[in-house]
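The values are calculated or read from the model by the stated rules, or taken from the named source; none is laboratory data. Quick caveat, the model's predicted, so the values are computed rather than measured. When we count neighbours, we look across all protein chains shown, and the Cβ atoms used for this are built from the backbone with ideal geometry, even at glycine. These area figures cover heavy atoms from the full protein model, side chains too; ligands, DNA and RNA do not enter into them. Shrake-Rupley method; radii C 1.70, N 1.55, O 1.52, S 1.80 Å.
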Amino acid sequence: MARAYEFPEDLLTAQEELHQVVHTLRALCDRLPWSVEPHPGFHDPESWRPRQRPSTDGWSEEDQAEVQRLQGRQQELSITLATHPFWETLEGPDLVTARMVLKHVHHTPAVDAPAA
C-alpha cells in the first residue's frame with residue numbers, strides 16, 4: 001500500500017494552481033491561430049507527409065500577453081513546487097514517490113475520517 005503523505009497546504013495549493021494554469025494555457029493555445037505572426041498559409045503536397053495551414057492574422061496583443069502571463073505563472077509555480085522545503089524531509093525512493101503522489105493528489109477523492 002502506498003504511503004500517505006501529509007503535504008503542507010501551500011504545496012497542495014501551488015500544485016492545484018499549476019494544474020489549472022496548465023489547463024488554461026493549453027485551452028488558450030488550442031483556440032489560437034497556428035502562427036503567432038500573420039502568415040499567408042501554405043500547402044505542401046510534395047512532402048512525404050503532405051501538410052497545409054490556412055492563412056492567419058496571427059495572435060492579438062491581448063492573446064500574446066495572456067500566453068506570456070500564463071507561461072510566467074507556470075514557471076513560478078514549477079519553481080515553487082520544486083524548491084519547497086517539504087522535499088527536504090524525504091529522501092531516496094520516498095522523495096520520488098511523494099513527488100508523483102503530489103502531481104496526482106487532485107485526482108484522489110478525499111477520505112473522511114471515521115466517525116467516533
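Conditions tested, residue by residue: (1) modelled with pLDDT under 95; (2) not basic (Lys, Arg).
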residue: Gly41; (1), (2): yes, yes
residue: Gln52; (1), (2): yes, yes
residue: Trp59; (1), (2): no, yes
residue: Arg69; (1), (2): no, no
residue: Ile79; (1), (2): no, yes
residue: Thr89; (1), (2): no, yes
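Hey, among the residues in region 52-85 that are among the β-branched types (Val, Ile, Thr) and open to solvent by less than 60 Å² (accessible area, probe 1.4 Å), which one's farthest from the chain's Cα centre (by Cα)? Walk me through it before giving the result.
Narrowing region 52-85 to residues among the β-branched types (Val, Ile, Thr): 56, 67, 79-80, 83.
Among the residues that remain, those that are also open to solvent by less than 60 Å² (accessible area, probe 1.4 Å) are: 56, 67.
Numbers: Thr56: 27, Val67: 13 Å.
Step by step, filter region 52-85, then rank; the result is Thr56.
Can you tell me how many residues in region 86-98 are surrounded by 11 or more Cβ atoms within 10 Å (Cβ to Cβ) and in a loop (DSSP other than H, G, I, E, B)?
The qualifying residues number 1.
Within the bounds of region 2-25, is there any residue that is of a type in the set (Ser, Thr, Tyr), open to solvent by less than 80 Å² (accessible area, probe 1.4 Å), in a loop (DSSP other than H, G, I, E, B) and more than 29 Å from Ala98 (Cβ to Cβ)?
Filtering region 2-25 down to residues of a type in the set (Ser, Thr, Tyr) leaves 5, 13, 24.
Checking the rest, the ones that are also open to solvent by less than 80 Å² (accessible area, probe 1.4 Å) come to 5, 13, 24.
From the residues that got through so far, the ones that are in a loop (DSSP other than H, G, I, E, B) too are 5.
Okay, now just the ones that are also more than 29 Å from Ala98 (Cβ to Cβ), so none.
For region 2-25, residues of a type in the set (Ser, Thr, Tyr), open to solvent by less than 80 Å² (accessible area, probe 1.4 Å), in a loop (DSSP other than H, G, I, E, B) and more than 29 Å from Ala98 (Cβ to Cβ): absent.
Would you point out which residue out of Ser47, Ser60, Ser78 is touching a residue at least 12 places away in the same chain (Cβ under 8 Å) and among the small types (Gly, Ala, Ser)? Full working, then the answer.
Numbers: Ser47 fails: touching a residue at least 12 places away in the same chain (Cβ under 8 Å); Ser60 fails: touching a residue at least 12 places away in the same chain (Cβ under 8 Å).
Answer to the selection: Ser78.
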